[in-house]
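Colleague: Take a look at the following structure, please.
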Amino acid sequence: MCLVVNLRYMLMSAALSQKIAPGTSWIHRVLMACCVTDEVFGVSIAHPGYCPPAYTYSAALISTLFWASGCAAGIIAGGMLPTNIVAALSVALYGMFIAIIMPPARDDRHVLYAVAASFALSGACAVAPVVSSWSSGTRTIVLTIVISAVAAWLKPVKTD
């Protein structure tokens with residue numbers, strides 16, 4: 001289970017490897033790889049051009065401080081709020097993911113097509129005979145790899 005849940009970091013790292021300038025030293029590459037989180041991925045992938053090491057380190061520091069503070073506040077608030085309110089707030093995670101994918105989807109129709117395909121195929125795979133028996137994490141990883149591979153094949157990013 002832990003492997004499947006954390007496979008997303010492999011996908012994020014593969015995408016972010018394209019955002020590192022060619023002359024970046026191996027030690028910075030290793031340290032930048034240690035900074036990969038959902039939040040750092042979101043801001044780094046949206047950054048135009050290459051992400052310098054200082055950008056990644058700053059994003060990791062700020063997001064870690066706010067993540068830890070938010071967790072502490074959530075633990076305190078979760079202990080004081082009624083159970084039904086706490087359950088309703090779990091939807092906020094989905095809102096965060098939508099907030100990460102919508103700005104690039106508005107700017108690039110190919111990203112919008114990939115997002116729409118992911119929603120459609122995710123729904124279809126949830127009811128498909130064989131695939132629906134897979135865990136949701138496995139379905140997500142397989143769909144991410146397939147959709148991103150097709151998108152990269154159909155619309156490769158031009159580099160200098």
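Colleague: Checking ASP108 against (1) open to solvent by less than 50 Å² (accessible area, probe 1.4 Å); (2) under 19 Å from the mean Cα position of the chain (by Cα), only one condition comes out false. Which one?
Modeller: Exception for ASP108: condition (1).
Colleague: Output the residue which, of all residues in segment 41-58 that are closer than 20 Å to ALA99 by Cα and not in a helix (DSSP H, G or I), is most open to solvent (accessible area, probe 1.4 Å).
Modeller: Ranking the candidates gives PRO48 first.
Colleague: Regarding ILE76, is this residue open to solvent by 90 Å² or more (accessible area, probe 1.4 Å), more than 19 Å from LEU11 (Cα to Cα) and part of a helix (DSSP H, G or I)?
Modeller: Considered against the rule, which asks whether it is open to solvent by 90 Å² or more (accessible area, probe 1.4 Å), more than 19 Å from LEU11 (Cα to Cα) and part of a helix (DSSP H, G or I), ILE76 comes out as yes.
Colleague: From LEU65, LEU61, LEU112, LEU121, which residue is at pLDDT 90 or above, touching a helix residue (DSSP H, G or I) at 6+ places or on another chain (Cβ under 8 Å), aliphatic (A, V, I, L, M) and assigned to a helix (DSSP H, G or I)?
Modeller: One residue alone meets the criteria, LEU121.
Conditions tested, residue by residue: (1) out of contact with any Leu (no Cβ under 9 Å at 6 or more places or on another chain); (2) more than 30 Å from TRP134 (Cβ to Cβ).
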position	(1), (2)
LEU16	yes, no
PRO22	yes, yes
ILE27	yes, yes
LEU31	yes, yes
ASP38	yes, no
VAL43	yes, yes
THR56	no, yes
ALA60	yes, yes
PHE66	yes, yes
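Colleague: Looking at segment 149-160, which of the residues that are under 21 Å from TYR50 (Cα atoms) and open to solvent by 80 Å² or more (accessible area, probe 1.4 Å) is farthest from the chain's Cα centre (by Cα)?
Modeller: That would be ASP160.
Colleague: Only one residue in SER133, SER122 is in contact (Cβ under 8 Å) with a residue 12 or more places away in the chain and either loosely packed, with under 12 Cβ neighbours inside 10 Å or polar (S, T, N, Q) (or both). Which one? Quick ask: steps written out before the conclusion?
Modeller: On the way: SER133 fails: in contact (Cβ under 8 Å) with a residue 12 or more places away in the chain.
After applying the criteria, what remains is SER122.
Colleague: Taking the criterion of being open to solvent by less than 80 Å² (accessible area, probe 1.4 Å) and outside any helix (DSSP H, G or I), would at least one residue in segment 137-148 satisfy it?
Modeller: no
Colleague: Exactly one of (1) in contact with a Gly (Cβ under 9 Å, 6 or more places away or on another chain); (2) among the β-branched types (Val, Ile, Thr); (3) outside any helix (DSSP H, G or I) is unmet by THR24. Its number?
Modeller: (1)
Colleague: Scanning segment 147-160 for residues that are within 16 Å of LEU112 (Cα to Cα) and among the β-branched types (Val, Ile, Thr), which turns out modelled with the lowest pLDDT?
Modeller: Going through the qualifying residues, I end up with VAL157.
The values are calculated or read from the model by the stated rules, or taken from the named source; none is laboratory data. The structure displayed is predicted, hence computed values, not measured ones. Don't worry about glycine lacking a Cβ; one is built from the backbone with ideal geometry, like all the others, and counts go over all protein chains shown. When the accessible area is computed, the model is the full protein with side chains, heavy atoms only, and any ligands, DNA or RNA have been set aside. Shrake-Rupley method; radii C 1.70, N 1.55, O 1.52, S 1.80 Å.
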